[in-house]
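This report concerns only the one structure given below.
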Amino acid sequence: MTFTALAFAIASRCGLVNIGAEGQFYLGGIAAGLVAIYAPGLGIPVIGGAVVLVLAIIAGFIAGGLWGLIAGWLKVSFGANEVITTVMLNYIASFLNKYLIGYDGPFYDGSGNPQSEAFKVSFERGFFIQNSDMTITIVLAILALVFYFIFFFKMKKGYEMRVVGLNSTAAEYAGIKVKSNALLAMFMAGGFGGLAGVSELLSAQSRILPDFSSGYGFDGVAVALLGQLHPLGMGLSAILFAVLKSGGLAMGNKGTISPYIVNAIQAFVIILVVASVFVQDEYNRRKLIRQAKAPKEE
Amino acid sequence: MKQKKGLIIGIIVLVVLLAVGFFAPDNIKNTLASFIAQDLRIALPLAIAAAGLVYEQRSGILNLGAEGMMLTGALFTWIGTSLFGGNPWLGILVGMSSSLIMALLFGFLVITLRSNQTVIGISINILALGLTSTIYRVVQTMNITVNAFPSISDVLSKIPGIGAALTNEVPNGTELALTQIPVIGNFLTTIFSQNIMMYIGIVFIFFLNYVLFKTDLGLKVRAVGEYPKACDTTGINVFKIRYGAVLFSGLLTGFAGGLLVLDIKTFVENVTAGKGFIAVAAVIFGKYTPIGAFGASLVFGGAQAIQYLIQAVGLKAPSDLMNMIPYVVTVVALAGFIGKTHVPAALTVPYTKE
């Protein structure tokens, strides 16, 4: 969730709305999954699986990034609304995944169910806390947040991107390349969306299945908005929503309550957060008006 | 000029279709006729939703929550229809009122509170997905009967006087008297045997086009989307027009969602599957006019109907790849045709009264 939140946040910082994390999640997951299935057989040295896992992470990042780059390219070259294209790409990615592991697909395992072969390597569970489902990906998530902070607030490139996001016309005049920044932002955003897929698939699942994302892409949007695009805020809100989500799934297993109720709660949270901006704005505006009127009254 | 180009394309398509209807061998004729009928059925909900969205976007509001409003309309049409003993007319009214409530929420947030339209649109979708799926789990055990709208031939046959001349009695109902036309009769019958809503819908779309471009109200809507400040000084209430457009569009998106449910006669979670977004794309592809959006919907509907065509001619292709086609076509259409049209200048810009 932290990763998909980053996928949304990075693009947002550059003034783009990336709700394609779901599709990037699939692509990243597929790429990493294929590495985890087939790479050990290709004679790549398995040192406790570490090399393969690193390869899987890289493959996932690149695959997700390229998927994000499609929407970015359509945006900068043709001006296609990235919200619609990323949503369409989400559906395309989901069907692509179903095809690849389906009965006619190249990675079908022949078992009678649409699924791939089992992963040869995956992240070890029980990391940090014994007997938990936690894996080393939690460290990756924290590293990713740190990277996000350093990149956007300490590096020149990140600064340029923020300028583009705040005012692309001004950025253009200042000599910042708007298009290449947007493309880079979408690639990085997609890459982190891909990492989300890697971490879900190689931590929590044992093979590629149809619809292996349970709406992580949209969770990311909620997390990023609640965290106000701030790394610390996003980390905390990711934890909040993760608790909500696993609670929702548990409720879904127990009774008639749908796990989807969590989506509704998320939506209310986003709406309230976004609407709260108005209160702030209105307060400032009235204050200005009062200040402007004050001297005349005296 | 742009309008004329669309008209020319439309006429060429019609001429080609008629030529096929007259001269092609029977099996090609039948396949094509059922493809067109299928295309129309898929396109109608898209076109209705898109027509509402045209008004909304022309008034300066980009509603990316259309998907969610459609989904809400779909669920409540389904529930409403079964509450009223399968009556589709009352059912779709229930669906429309539910999406009206969503539109009211959306309008309040983006017009009065001036929130970011894109973000609010997305959260409306998440909200709708969450709510409809939750409610669906609760009500899915209900005993549901959904009746479709009456077919055009059933309606025509009931008109006193001319009804008998326009339709034929057949064993299980009625059919259009078009079958009696030589050579092309069956071809036309397959295409025109739609339910009554198809005809009402298409007439309504043309009516909406007329209102938008030939009446005062339409001019006001378009002006508000271009330069709200100027409108305000001439006494047009920007907020009123924008609320009107949002609520009207909410009604129509809910109606479109209802049509989806009444077409397949059941509800499944996330039944809209991106159709709301495709409708938004149809608005852009259709150059922000209701008729243009209808043409765009026919293209997108065709992209979906083509899977049936491919099955009909006996080609084998993985269904998952076939399912991708409408989404791919939408992306391509967005990329290829955008930028050549005039986008309303105040689109997504909230209006603050000074």
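Taken together, the values in this text are just the output of simple stated rules run on the coordinates, not laboratory data. This one's a predicted model, so the numbers in the text were calculated from it and none came from an experiment. Glycine also receives a Cβ, built like all others from the backbone with ideal geometry; neighbour counts cover every protein chain displayed.
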Inside 10 Å of the C-beta atoms of B:129-140, what's the mean count of C-beta atoms belonging to other chains? 5
Can you grab the distance from the C-alpha centre of the range B:245-291 to the C-alpha centre of the range B:89-140, Å, no decimals? 13
Averaged over B:328-335, how many beta carbons belonging to a partner chain fall within 10 Å of each residue's beta carbon? 6
Highest-first arrangement of B:79-86, B:254-261, B:279-286, where packing means the average Cβ count within 10 Å: B:254-261, B:279-286, B:79-86
For chain B, modelled as a GNM with alpha-carbon contacts under 10 angstrom, which of B:325, B:36, B:92 fluctuates the most? B:325
For A:219, B:320, ascending order of other Cβ atoms within 10 Å (fewest first) is B:320, A:219
Given 0.36 nm per residue, what is the gain on full extension from residue A:149 to residue A:279 after removing their alpha carbon distance, in nm? 44.0 nm
Would you mind ranking B:89, B:78, A:73 so that the residue whose beta carbon has the fewest other beta carbons within 10 Å leads the list? B:89, A:73, B:78
Taking the highest mean first, how do the peptides A:221-234, B:120-133 order by number of other beta carbon atoms within 10 angstrom per residue? B:120-133, A:221-234
To make sure I understand, if each residue's beta carbon is the centre and we count other beta carbons within 10 Å, what order do A:211, A:281, B:263 fall in, fewest to most? A:211, A:281, B:263
With +1 on each Lys and Arg Cβ and -1 on each Asp and Glu Cβ, how big is the dipole of chain B about its Cα centre, in debye rounded to the nearest 20? 860
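Shape of the range A:55-110 from its Cα gyration tensor (a ≥ b ≥ c, root eigenvalues): rounded if a/c is under 1.5, otherwise prolate when a/b > b/c, or oblate?
It is oblate, given that a/c is not under 1.5 and a/b is not larger than b/c.
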Test item: B:271-281 mean partner chain Cβ contacts at 10 Å: 3
What residue among B:118, B:266, B:234 shows peak mean-square fluctuation when chain B is described by a Gaussian network model with Cα springs under 10 Å? B:234
Could you work out the relative contact order of chain B? I mean the mean sequence separation of Cα pairs under 8 Å and 6+ apart, divided by the number of residues, in percent. 34
Ranked packing of A:190-203, B:96-109, most packed first, by mean Cβ within 10 Å: A:190-203, B:96-109
